[in-house]
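K.L.:
This structure is in structure tokens; I'll ask about it shortly.
The values are calculated or read from the model by the stated rules, or taken from the named source; none is laboratory data. All values derive from a computational prediction rather than experimental measurement. Positions of Cβ are backbone-derived with ideal geometry, glycine not excepted, and every protein chain shown enters the neighbour counts. Each accessible area value is taken on the protein alone, full model and side chains, heavy atoms only, with ligands, DNA and RNA left out. Shrake-Rupley method; radii C 1.70, N 1.55, O 1.52, S 1.80 Å.
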Amino acid sequence: MKKIAVVTGATRGIGLAISQKLSQDGFFIVGISRADNQEANDSWVNSLSNDCRLFKCDVTSLLAVEEMIAKISELEGSVHLLVNNAGITSDSFFHKMSLESWRSVIDTNLNSLFYITQPIYKIMKENGGGKIINISSVNGQKGQAGQVNYSSSKAGVHGFTMALAQEGARSNILVNTISPGYTNTEMMKNIRVDILQGIKDNIPLGRLAEPKEIANVASFLASDCCSYITGANIPVNGGLFIG
Ligand code: NDP
């Protein structure tokens, strides 16, 4: 029986590293990607070690998510794992922040968790268990100037984890958060060089995380070695925030 892991935001950055690592671990990866980039999609499929499928879906659209869940239900195998990884930033100081910027970040980073997780959680309940990993951020833990929208969404992600972990426990569904620190992906490419240097200078380990370092933690949480951790928020931030 195939063990299916659904990974959102699968073709780039942290989602790509998580897809690759979980594929090495033996999961059948169902990747969710918003972009219709054939080259990126082919390269994602070719970079995995196991069978996989990639579905196009904008996670902010309930209709698109429902269509995607219907396709997943037709696959052979059972959904063991969901990784809610898709996320965006839209930074500005709060006094200049547009409603559109607020809404797009909350829609993508938080409302999508309701759309995607609820149907998969129901499938897991029927199957007798499963695991959910939500990708938050160090800036959801400590707040970050210029990111009132993002920090709110990511703090919300861990609130979601803590509450659902309590509900899911009786159905053997473990729910955890990973909170990465600054990680070497396209999300960091828009940051000015001098600001980026300032960020690195502030990190006790003196560098950004590599996506693989986040994926290794996801791999542990997804594995049978992790059987008694639920509702936790695992920081992977080089010591930037020690709460
Ligand atoms: P990237 O910008 O490299 O990738 C973001 C991914 O999210 C892409 O695959 C993108 O899909 C997907 N995505 C965005 N919006 C949507 C949408 N509406 N529907 C479907 N997919 C969507 O980001 P990272 O890999 O850096 O970030 C991954 C996660 O880690 C995010 O939740 C982020 O907030 C979090 N994080 C990142 C940190 C960092 O420093 N990089 C630090 C802390 C947390 P597509 O390619 O199709 O556009």
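K.L.:
If you build a Gaussian network model of the chain, linking Cα atoms that sit under 10 Å apart, which residue out of 219, 23, 73 swings the most?
P.N.:
73
K.L.:
Here is a further query. Taking a probe of 1.4 angstrom, what is the accessible area of residue 214 in Å², to the nearest 10?
P.N.:
Looks like 0 Å² after rounding.
K.L.:
On the protein heavy atoms, probe 1.4 angstrom, tell me the percent of accessible surface of the range 110-150 carried by carbon and sulfur.
P.N.:
About 51 percent, which is the carbon plus sulfur part of the accessible surface.
K.L.:
Counting heavy atoms of the protein chains only and a 1.4 Å probe, report the per residue accessible area for the range 1-133 as a whole number of Å².
P.N.:
The answer is 50 Å² per residue.
K.L.:
So what are the radius of gyration and Dmax for the Cα set of the range 162-218, in Å?
P.N.:
Cα radius of gyration and Dmax of the range 162-218 are 16.1, 49 Å respectively.
K.L.:
Let me ask something else. Determine the share of the range 46-98's accessible area contributed by carbon and sulfur atoms, expressed in whole percent, with a 1.4 angstrom probe.
P.N.:
Summing carbon and sulfur atoms, their accessible area is 48 percent of the total for the range 46-98.
K.L.:
Measuring with a 1.4 Å probe in the full set of protein chains, what accessible area per residue, in whole Å², belongs to the range 150-236?
P.N.:
Details: 4590 Å² over 87 residues.
Per residue, the range 150-236 has 53 Å² of solvent-accessible surface.
K.L.:
So how far apart, in nm, are the two label points at residue 223 and residue 200 if each is 7 Å from Cα heading toward Cβ?
P.N.:
Going by the 7 Å Cα→Cβ label model, 3.0 nm.
K.L.:
While we're on this one: Kindly provide the helix-only [θ] at 222 nm of the chain, computed as the sum of -39,500 (n - 2.57) over DSSP H runs of four or more divided by all residues, to the nearest 500 deg cm²/dmol?
P.N.:
Here the helix-only value at 222 nm equals -13500 deg cm²/dmol.
K.L.:
Which residue fluctuates most in the GNM of the chain (Cα springs below 10 Å): 127, 190, 149?
P.N.:
Top of the fluctuation ranking is 190.
K.L.:
Another question, then. Please state the shape class of the range 1-92: rounded when a/c is under 1.5, otherwise prolate if a/b exceeds b/c and oblate if not, all from the C-alpha gyration tensor.
P.N.:
Oblate shape, in that a/c is at least 1.5 and b/c is the bigger or equal ratio.
K.L.:
Under a 1.4 angstrom probe, counting protein chains only, how are 173, 14 ranked by accessible area, largest first?
P.N.:
Values: 173 0, 14 30 Å².
From most accessible down to least: 14, 173.
K.L.:
Give me the accessible area of residue 103, 1.4 Å probe, in Å² rounded to the nearest 10.
P.N.:
130
K.L.:
Cross-link partners among lysines for residue 122, C-alpha distance below 27 Å, same-chain residues fewer than 8 apart left out?
P.N.:
Here the lysines satisfying the reach criterion relative to residue 122 are 2, 3, 21, 56, 71, 131, 154.
K.L.:
Specify the residue with the greatest mean-square fluctuation among 158, 95, 80, computed from a Gaussian network of the chain linking alpha-carbon atoms under 10 Å apart.
P.N.:
Comparing 158, 95, 80 in a Gaussian network model of the chain, the most mobile one is 95.
K.L.:
Need one value: the accessible area of residue 107 in square angstrom, 1.4 angstrom probe, rounded to the nearest 10.
P.N.:
Number for this one is 50 Å².
K.L.:
Over the Cα atoms of the chain, what Rg and Dmax result, in angstrom?
P.N.:
Taking only Cα atoms of the chain, I get Rg and Dmax of 17.1, 53 Å.
K.L.:
Please enumerate, by chain and number, the lysines with C-alpha under 16 Å from the C-alpha of residue 200, excluding those fewer than 8 residues away in the same chain.
P.N.:
189
K.L.:
Suppose a student asked you for the relative contact order of the range 159-222, using Cα pairs under 8 Å spaced at least 6 residues apart; what percent would you report?
P.N.:
Numbers: 37 pairs, mean separation 20.5, N = 64.
Reported as a whole number, the value is 32 percent.
K.L.:
With a Cα-only, solvent-free Debye model of the range 39-173, what are the log10 I(q)/I(0) values at q = 0.09, 0.15, 0.18 Å⁻¹?
P.N.:
Taken in order of the listed q values, log10 I(q)/I(0) reads -0.32, -0.83, -1.09.
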